[in-house]
Amino acid sequence: MASLEYYDKLLLAIAGSLALGVAIGVVTSVAISTGVAGGSVVATVFVYEAMFRNPPSPVTSAQVKVAAVVWHAFLVIAIVAALL
């Protein structure tokens, strides 16, 4: 079996935190949108780690900056949707 590399593990952690948020929304009395918003907040820690603390490419890349903006836009939309 092939071992997972560092960034593969981070991708799994991001997907896992979002899945956990959905699972909390399904299993408990918490709304699914609130669970996804909570999972997104947790996933942001892993995104931050992958993009800014230990990036696979130079931080000066425009692609990295665009990805950060898109992720945070998604996060804000998820949180606002959960609060409405």
*asked:* Quick check: residue separation of Val76 and Ala15 times 0.36 nm, minus the Cα distance between them. What number comes out in nm?
replied: 20.2 nm
*asked:* Per DSSP helix of 4 or more residues, -39500 (n - 2.57); summed, then divided by the residues of the chain. What does that give at 222 nm, rounded to the nearest 500?
replied: -25000 deg cm²/dmol
_Given axes a ≥ b ≥ c from the Cα gyration tensor, I'd like to know whether the chain is rounded (a/c under 1.5), prolate (a/b larger than b/c) or oblate._
oblate
*Any idea what angle helix 62-83 forms with the longest principal axis of the chain, computed on alpha-carbon atoms, 0 to 90 degrees, nearest 10?*
10 degrees
*Which length gain, in nm to one decimal place, applies between Ala68 and Thr44 when the Cα-Cα distance is subtracted from 0.36 nm times their residue separation?*
7.6 nm
_Val30-Leu4 pseudo-label distance in nm [points 7 Å out on the Cα-to-Cβ vector]_ = 2.1 nm
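FYI, it's all coordinate maths here, none of it is from the lab. As the structure is a prediction and not an experimental result, all values here were calculated from the model. Glycine gets a Cβ as well: all are built from the backbone with ideal geometry, and neighbour counts include every protein chain shown.
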